[in-house]
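First comes the structure, then the notes that go with it.
The values are calculated or read from the model by the stated rules, or taken from the named source; none is laboratory data. Remember, it's a predicted structure, so these values are computed and weren't measured experimentally. Cβ sites come from the backbone with ideal geometry, for glycine too, and all protein chains shown count toward neighbours. Accessible surface is based on the protein model in full, side chains and every heavy atom, while ligands, DNA and RNA are left aside. Shrake-Rupley method; radii C 1.70, N 1.55, O 1.52, S 1.80 Å.
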Amino acid sequence: MSWTEVGLGLLIAVFTMLSGINDGGNLVGTYFSTPTVHPRLLLFGLILSVAAGPLLLGTRVSHTIAVEVVNFQHVPSWVLMMALFSAVVTLSVTWRMKIPTSVTLALAGGMLGAALGAGDARWISWLGILKILIGLIGSVSVGFCTALLLAVGFRHLLRRCRRVGLFADRMQSPSVIAQGLAYGANGQERAIGLAALWFMAVDRSQVYRMPWLAVVLPWLLWTIGLFVGGLYIAETVSGHVLRLRGVEAVTTQGAAALTVSAAALLGLPVSTTQTTDGSLFGTGTALNPYHVRWKTVVKFLQVWIWTLPVSVGIGFGSTWTIRRIHFG
């Protein structure tokens, strides 16, 4: 095993744990803001459902990440290393800021910058880049609208039947499972696709395949990241945008799960973080816009906006530097 393959494996492991910190914290945060689910039950159900997501809903998104943005079946491994380095740096900064961002944007930006820095734009599939951008923008919009409609519907039902509130409280545990499955079939696919590429590099193969270890190892690393730093991120999400009760939590989580699951079935990589936050904004808007902490929302949006150009810049700069040093 070469130093490139060792370094690539380490970067994939760090990236996956950062995904657990960023995405796991964002998922957990919406539940921690409501007392209806016991924290241990929440974490146990979420972790198991994330593992089951790829098995039940497929791994279409992993293929999109691995070969449809930059075709890493035919690109040198060191270029993928620089793409991952860019994503890791970007995610580390947002973690220190305690603000969840789009891991998909950070990774796609790193891939795009690394390919450009390596001097061969032919590796880039602009259709794949467009696919990611459409998925990301669409998922936030759809999540917002779905949560808004669900929140309005539940509010009208509550006026007629108070038992709807009790029903919503009981739906908390199923909503944990639904969001975990959706994330496992979409957000987790980033790490699964990267792990599959690593196994290809180690085997000296150019055929994209999905060994079982490419599914299991990212799940274990994601879980470690969730416990190491995910709760740190959850502090920002939990109650800093909107204090949720049982009904509001169900509308937010349900809207995000529906949106992300639909995107996974279509093979569209989306940001579970952004979709969940978009659903949170939609729920807050439906209930009372004045109760939403819009300063925090603006802070989220600012981080999302600069994630892509920053990751592209880091990916380009690091790859261009390596190419100049080693290849002249």
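Keeping every protein chain in place, order 208, 290, 183 by accessible area at 1.4 Å, biggest value first, i.e. largest first. Please report the intermediate quantities before stating the final value.
Details: 208 45, 290 205, 183 0 Å².
Reading off the accessible areas and sorting them downward yields 290, 208, 183.
A run of the chain free of exposed loop cleavage sites, with trypsin sites (Lys or Arg not before Pro) counted only in DSSP states other than H, G, I, E and B and at most 12 other beta carbons within 10 Å, reaches its longest extent at 1-161.
The sum of -39500 (n - 2.57) across all DSSP H runs of n ≥ 4, divided by the residue count of the chain, sets its helix-only mean residue ellipticity at 222 nm to -25500 deg cm²/dmol.
Counting only C-alpha contacts under 8 Å and six or more residues apart, can you give the relative contact order of the chain as a whole percent? RCO, the chain: 39 percent. Phi angles of segment 305-313 translate, via the Karplus equation with coefficients 6.51, -1.76, 1.60 and θ = phi - 60°, into HN-Hα couplings of 5, 8, 4, 5, x, 5, 5, 4, x Hz per residue; Gly and Pro are given as x.
Each Lys and Arg adds +1 at its Cβ and each Asp and Glu adds -1 at its Cβ; summed about the Cα centre, the chain shows a dipole of about 860 debye.
Segment 259-275 and segment 191-231 have Cα centres spaced 19 Å apart.
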